[in-house]
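S.K.: One structure coming up, written as structure tokens, with questions to follow.
The values are calculated or read from the model by the stated rules, or taken from the named source; none is laboratory data. Just so it is clear, the model here is predicted, and its values are computed rather than measured. For neighbour counting, all protein chains shown are included, and Cβ atoms are generated from backbone atoms with ideal geometry for every residue, glycine included. Only protein heavy atoms, including side chains, enter the accessible area calculation; ligands, DNA and RNA are left aside. Shrake-Rupley method; radii C 1.70, N 1.55, O 1.52, S 1.80 Å.
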Amino acid sequence: MQPPFIHHGDAPARTGSVRAHNLGLVLRAVAYAGVPISRASVAGRTGLTRASVSALVETLIDGRLVRETGTPTRAGVGRPATGLVLDAAGPAGLGIELNVEHVAICVTDLTGAVRVRRTAALSDPGVPRADLLATMAREVVAEAESLALTLSGAALAVPGLVDPSSGELVVTPNLDAAGVRSSLVAALGGGPILVENEATLAARAEQRALGSAAPRSFLQVSGEVGIGAGLVLDGQVYRGRHGWSGELGHVTVWPGGRACGCGSDGCLEQYAGVRAIARALEPRGAAEPASFAARAAAGEPAMLAALAEAGEALGIALAGALNLLDLDAVVLGGAHAELAPWLVEPIEAQLSRRLVGAAVSRPAVRASVLGADAAALGAAWSVLDRVLDDPAGWLAP
């Protein structure tokens, strides 16, 4: 499977903005190669002539999007050719994750490498989220600039429903995000900020991190206070009619059960979200989620019981989704990634019981390879995907 920043069916443009299209074609060929690739190989993969590729490559090199490795790479018989790779000194992406109890900000370069990373807990109700994020963003941008990185844009990952046309938050059941976007825009000098659901961005990040090893169709569960899910179908992220798919946390697992902030009752997040797990440990919910894995590893009975209940609830909800969608895998992300060793068994027990085809084939259930960083990375990488899709926009004065 091709990485998500490579468009299926790419071919040389014959009409319209030929040069802009073909710049993107060449840049994505270099990105998709994953190893140094020669100009001749780029020509072979894109269908462009070698002369055209050479001219386009020089433009991309001048624009700090591609660089020569200095290491020859053999593309067949004859003399070895100089390899081409993405330029880590070119554009960078700023990714910001705002969640109920924490924020994370990172800067990645065009190769996908993390160059700057900051996290903070949102434990002080006296500090407005908008102010904290704006301060952190300014500090991260300053550090990126000290590394001679040039930001090409920013994206914000949030747990809730986002209007895809305007980028505005529509519903955030567990989060007061008032003023966050405007504060970030001001802190970053007025540039636009992409806004996307955090579970969707986490799913895209998982795809990109795994490359050809990524499942073709999978559900990325983002377990925090709320529980979201990014859905990938046949290699493409599925957002739904309004862009609101993936609200797994509000699937009912026990009708008439615990009241939920969405207005319903018995929702999954009331049994498997981190606050729900904390309440199962201590009625007042004072348990720290950061301690859950250590307490489980130590064999604490109350902790193991709380995780067993969370896994059971997850398994019930996931069985319904998998019966409907017939996916290859379930990926546990967010706080659930670290807790996967104790969640997988009760999840699989429910799948064995409730999944119609379980006796023949059962989807794999595993932790995200990116852990809790997936949403922030997905946000940063989504910015750079736009550069890969439209390098002419980056190269324009």
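S.K.: How much accessible area per residue does the chain have, counting only protein heavy atoms and a probe of 1.4 Å, in square angstrom?
M.R.: 43 Å²
S.K.: What is the packing order of peptides 270-281, 358-369, 294-305, 90-101, taking the mean over residues of other C-beta atoms within 10 Å and listing the highest first?
M.R.: Values: 270-281: 22.8, 358-369: 15.3, 294-305: 13.3, 90-101: 25.5.
Averaged packing, sorted descending, gives the order 90-101, 270-281, 358-369, 294-305.
S.K.: Compute the distance from the alpha-carbon center of region 218-276 to that of region 325-381, in whole Å.
M.R.: First find each Cα centre; the distance between them is then 13 Å.
S.K.: Leaving out ligands, DNA and RNA, what percent of the accessible area of the chain is carbon and sulfur, probe 1.4 Å?
M.R.: 52 percent
S.K.: By how many degrees, between 0 and 90 and to the nearest 10, does the Cα long axis of helix 50-62 differ from the longest principal axis of the chain?
M.R.: Tilt relative to the chain: about 60 degrees.
S.K.: Expressed as an acute angle from 0 to 90° and rounded to the nearest 10, what is the orientation of the C-alpha long axis of helix 374-389 relative to the principal long axis of the chain?
M.R.: Compared with the principal axis, the helix lies near 30 degrees.
S.K.: Can you give the % of DSSP beta bridges in the chain that are antiparallel, to the nearest 5?
M.R.: So the antiparallel bridges amount to about 60 percent of the total.
S.K.: I need the calculated FRET efficiency for the pair Ser54 and Ser361, taking r as the beta carbon distance and R₀ as 41 Å, to the nearest 0.05.
M.R.: The pair Ser54/Ser361 has a calculated efficiency of 0.25.
S.K.: Let's see if you can work this out: charge +1 on each Lys and Arg Cβ, -1 on each Asp and Glu Cβ, no other charges. What is the dipole magnitude of region 305-397 about its Cα centre, in debye to the nearest 20? It would help to have the intermediate numbers written out before the result.
M.R.: Working: 5 positive and 11 negative charges, 46 e Å.
Dipole about the Cα centre, nearest 20: 220 debye.
S.K.: Which entry is the computed P(r) over Cα pairs in 20 Å bins from 0, in percent for this structure: [x] 27, 52, 20, 1; [y] 28, 59, 13, 0; [z] 25, 58, 16, 0?
M.R.: Recomputing P(r) over Cα pairs in 20 Å bins from 0, in percent here gives the entry labelled [x].
S.K.: Compute the relative contact order of region 241-360 as a whole-number percentage, counting only Cα pairs closer than 8 Å that sit 6 or more residues apart in sequence.
M.R.: 21 percent
S.K.: For the residue pair Ser212 and Asp265, what label-to-label distance in nm results when each label sits 7 Å from Cα along the Cα-to-beta-carbon direction?
M.R.: 5.4 nm
S.K.: For the chain, what is the calculated [θ] at 222 nm in deg cm²/dmol (nearest 500), taking -39500 (n - 2.57) for each run of four or more DSSP H residues and dividing by its residue count?
M.R.: One gets -12500 deg cm²/dmol as the mean residue ellipticity at 222 nm.
S.K.: Could the peptides 327-339, 177-189 be put in order, highest first, of the mean number of other beta-carbon atoms found within 10 Å of their residues? Present the calculation step by step, with values, prior to reporting the outcome.
M.R.: Values: 327-339: 24.1, 177-189: 17.1.
Listed from highest to lowest mean packing, they are 327-339, 177-189.
S.K.: Using unit Cβ charges (K, R positive; D, E negative) and no other charged atoms, how large, in debye to the nearest 20, is the dipole of region 251-301 about its Cα centre?
M.R.: 60 debye
S.K.: Tabulate in residue order the Karplus-calculated ³J(HN,Hα) for region 173-179, using 6.51 cos²θ - 1.76 cosθ + 1.60 with θ = phi - 60°, rounded to whole Hz; enter x for Gly and Pro.
M.R.: x, 10, 9, 8, 10, 4, x
S.K.: At 0.36 nm per residue, minus the direct Cα-Cα distance, what do Asp326 and Leu147 gain on full extension? Give it in nm, one decimal, please.
M.R.: Full extension of this stretch gives 59.9 nm more.
S.K.: A follow-up question, please. With a point put 7 Å past each Cα toward its Cβ, work out how far Ala88 is from Leu233 in nm, to one decimal.
M.R.: 3.9 nm
S.K.: May I pose another question? What's the angle, to the nearest 10 degrees (0 to 90), between helix 301-325's Cα axis and the longest principal axis of the chain?
M.R.: Orientation of helix 301-325: about 60 degrees from the principal axis.
S.K.: Something else about it: Quickly rank 83-89, 159-165 as a protection proxy: mean count of other C-beta atoms within 10 Å, highest first.
M.R.: Working: 83-89: 20.0, 159-165: 18.4.
Ranked by mean Cβ neighbours within 10 Å, highest first: 83-89, 159-165.
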